[in-house]
Amino acid sequence: MAFAPDGFGEFGGDLFISDAGSWDNDIPAVSPIASDGRIYRVTASGELLPFVEGLLNPVGVAFCGGKLVLTDINGDFHVGQHKIPIGFIITIQPRVLK
């Protein structure tokens with residue numbers, strides 16, 4: 001989890017939290033993964049709101065260079081005794097309204 005910096009648009013100061021959803025880690029590489037991972041934000045008033053939905057297994061949130069950076073391990077499948085690390089990084093920059 002991480003707090004958004006003041007410069008992160010209307011979400012500045014909100015707390016962002018990752019939720020991996022159903023943890024699909026020990027399944028065959030050919031099996032589908034549930035897209036129930038989410039990133040939530042907690043407002044200054046304590047309201048919990050979904051921010052990003054439809055992720056696979058998001059495990060990290062951070063702020064870097066004015067952007068929200070999310071990591072999603074996408075299953076990290078086991079094949080025999082080997083892990084095949086696959087996943088992705090998403091960056092989100094708030095839209096500036098004028």
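The values are calculated or read from the model by the stated rules, or taken from the named source; none is laboratory data. Only a predicted model underlies this, so the values are computations on that prediction, with no experimental measurement involved. As a convention, Cβ positions derive from the backbone with ideal geometry for all residues, glycine included, and neighbour counts pool all protein chains shown.
A few remarks follow.
- All conditions but one from (1) at pLDDT 70 or above; (2) in contact with a helix residue (DSSP H, G or I) (Cβ under 7 Å, 6 or more places away or on another chain); (3) surrounded by fewer than 16 Cβ atoms within 10 Å (Cβ to Cβ) apply to Val96; the one that does not is (1).
- Residue ID - modelled with the highest pLDDT, chosen from residues in segment 65-82 that are surrounded by 14 or more Cβ atoms within 10 Å (Cβ to Cβ) and at positive phi: Asn74
- Among residues of segment 47-69 that are more than 14 Å from Phe88 (Cα to Cα), those with a beta-carbon under 7 Å from a residue that is small (Gly, Ala, Ser) and not in a strand (DSSP E or B) at least six positions away or on a different chain give the pairs Phe63/Ala4; Gly66/Gly7.
- Selection over segment 34-46 of residues that are in a loop (DSSP other than H, G, I, E, B) and either in contact (Cβ under 8 Å) with a residue 40 or more places away in the chain or of a type in the set (A, V, I, L, M, F, W, C) (or both) gives a count of 2.
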